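The values are calculated or read from the model by the stated rules, or taken from the named source; none is laboratory data. Predicted model only: the values in this text are computed from it and were never measured. Here Cβ is always computed from backbone atoms with ideal geometry, including for glycine, and neighbour counts include all displayed protein chains. Side chains are part of the model used for accessible areas, which takes the heavy atoms of the whole protein and leaves out ligands, DNA and RNA. Shrake-Rupley method; radii C 1.70, N 1.55, O 1.52, S 1.80 Å.
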Amino acid sequence: QVQLVESGGGLVQPGGSLRLSCAASGSIFTRGVTAWYRQAPGNQREWVATMISTGTISYPDSVKDRFTISRDNTANIIYLQMNRLKPEDTAVYYCRYQFLSGDYWGQGTQVTVSS
């Protein structure tokens, strides 16, 4: 069973930065697909970034050029570096891992962008 634990959320002013972490229970990120999603109150869960095991990365236009997904294979951690944050980035951020028939989510970490 894969376990994912997010951390790094918090309160930040508009224009600021945060780095989220997603720690896995084993050496999994060299296989499958890892992604970050977010969900604001009253909204559907929204895709934020994807990294495939080969290293291929993709983002939606809403965060492209501001957010960066990366990984540390030794530490079994996926990161989401978020720069130039906006109030509309406020949400609970989730890490997701998919491999074969498995689909795993973390518990989420709250990010609030406000002055």
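The simple spin-label model puts a point 7 Å past each Cα toward its Cβ; for Gln98 and Asn83 those points are separated by 2.9 nm. Accessible surface of the chain, 1.4 Å probe: 47 percent of it comes from carbon and sulfur atoms.
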